[in-house]
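These notes concern the structure reproduced below.
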Amino acid sequence: MDPIREIATLDEESIRRDVIGSVRPAILRGLIDGWPAVDVGRRSPAAMVEYLRRWDNGNPVDAIMTPPEVEGRVFYNEGMSGFNFVRNRLPITAIAEQVLRYSAFARPPAVAAQSALIRDCLPGFAAENRLTLIDAAVLPRIWLGNAITTPTHLDEWNNIGCVVAGRRRFTLFPPQQIANLYIGPLDFAPTGAPMSLVSLREPDFARFPRFKEALAAAVTAELGPGDAIFIPPLWWHHVESLEPFNLLVNYWWPAAAGAATATESAFDSLIHTILNLRSVPPATREAWRALFDHYVFGAQADAVEHIPAHRHGILGKVSAADAAQLRAYLAEHLRTWK
């Protein structure tokens with residue numbers, strides 16, 4: 001595996017252009033060194049718990065706990081009938097206190113709050129610890145826990161993850177490696193996002209031989225307090241929290257932010273397409289592939305240059321009102337389909 005590229009400058013305009021604009025992963029060392037929370041985290045985990053208590057409004061957030069024997073790997077249970085963790089809802093400080101207590105254990109359960117909106121549980125935290133690099137409308141989320149591993153999975157949005165306390169190791173795979181990652185069910189996954197069935201720590205190459213090709217294409221980096229990572233949309237990523245106490249704040253925003261046609265999730269399109277096309281005869285599937293290549297993945301000009309501009313319809317510039325009307329049509333069509 002190669003290292004993830006590191007960006008020397010922290011100039012915000014350069015990052016927007018050369019990092020986010022390039023749609024390539026990058027490490028931004030020291031991006032949030034100025035955050036008060038980073039300073040507190042460097043003092044001690046106990047100091048961080050008290051800092052979080054200052055902002056905690058008592059609202060519960062989703063938390064998980066894995067048994068000690070799975071060594072913090074969030075995954076399926078043995079029969080794949082469920083998952084290897086239990087869920088709970090607790091205030092963020094209660095979870096932080098639990099993590100702090102477990103730091104004295106030789107082999108503790110893994111505990112984590114994952115993807116909790118800071119607005120809902122720690123009002124005031126975001127105002128004191130701001131990432132001015134991105135639009136203020138993008139809401140930060142907190143990830144807090146002990147040594148826990150989230151297996152290789154993907155998100156469909158731009159992602160900036162900022163390490164506030166502890167250390168994290170990120171291993172990334174390009175989207176094109178999907179066939180070599182042995183992805184599990186699309187509609188039944190421990191964290192909601194589809195994930196690889198291969199253990200990065202102990203890969204079973206007899207069962208998953210193509211994973212060697214994925215490893216050859218992977219990039220990796222370890223981040224400490226103050227560091228940040230940019231993960232482009234649909235890049236598969238494996239995340240290991242390495243210390244007894246770890247805290248990360250991340251920001252997700254759509255690749256097509258501001259586009260009138262954008263919806264919250266393009267993943268819905270994949271599910272709908274599988275439902276409609278997976279079972280049709282091969283020749284018909286190939287015919288649909290030609291349509292998708294032409295209208296979705298091909299150059300827009302090829303699809304519309306022969307059509308008068310006022311008749312481009314959905315192939316042209318779609319207004320917010322038109323997009324809403326089309327989504328309403330699709331929703332009604334799906335609701336009444338028999």
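Miscellaneous remarks
- Any hit, the stretch 94-106, residues being under 20 Å from the mean Cα position of the chain (by Cα) and modelled with pLDDT of 95 or more: no
- Qualifying residue in the stretch 5-23 (condition: within 19 Å of L242 (Cα to Cα) and either modelled with pLDDT of 95 or more or in the same structural domain as R130 (by TED's automatic domain parsing) (or both)): no
- Residue that is modelled with pLDDT of 95 or more and closer than 30 Å to F211 by Cβ, where the choices are P91, P109: P109
- Residue selected from the stretch 90-109 under the condition small (G, A, S) and outside any helix (DSSP H, G or I), by the criterion surrounded by the fewest Cβ atoms within 10 Å (Cβ to Cβ): A106
- Considering each residue of the stretch 264-275 in turn, at least one proves to be touching a strand residue (DSSP E or B) at 6+ places or on another chain (Cβ under 9 Å) and either more than 29 Å from N158 (Cα to Cα) or hydrophobic (A, V, I, L, M, F, W, C) (or both).
- Test result for T149, hydroxyl-bearing (S, T, Y), in contact (Cβ under 8 Å) with a residue 60 or more places away in the chain and under 20 Å from W35 (Cβ atoms): no
- Test: residue in the stretch 40-63 that is modelled with pLDDT under 95 and within 23 Å of the chain's Cα centre (by Cα): no
- Looking only at residues in the stretch 208-238 that are of a type in the set (V, I, T) and surrounded by 23 or more Cβ atoms within 10 Å (Cβ to Cβ), the one that is nearest to the chain's Cα centre (by Cα) is I231.
- Scanning the stretch 241-249 turns up no residue that is part of a strand (DSSP E or B) and surrounded by fewer than 22 Cβ atoms within 10 Å (Cβ to Cβ).
- When the residues of the stretch 68-81 are filtered to those that are more than 14 Å from G145 (Cα to Cα) and in contact with a strand residue (DSSP E or B) (Cβ under 7 Å, 6 or more places away or on another chain), the one that is surrounded by the most Cβ atoms within 10 Å (Cβ to Cβ) is F75.
- Look at (1) at pLDDT 95 or above; (2) farther than 17 Å from W252 by Cβ and you find that L186 fails only one, number (1).
- Pairs linking a residue in the stretch 240-263 that is within 24 Å of G313 (Cβ to Cβ) to a residue that is hydroxyl-bearing (S, T, Y) and modelled with pLDDT under 95, with Cβ atoms under 8 Å and 6 or more positions apart or on different chains, are A260/S319.
The values are calculated or read from the model by the stated rules, or taken from the named source; none is laboratory data. Here the structure is a predicted model, which is why all the values come from computation and not from measurement. Cβ sites come from the backbone with ideal geometry, for glycine too, and all protein chains shown count toward neighbours.
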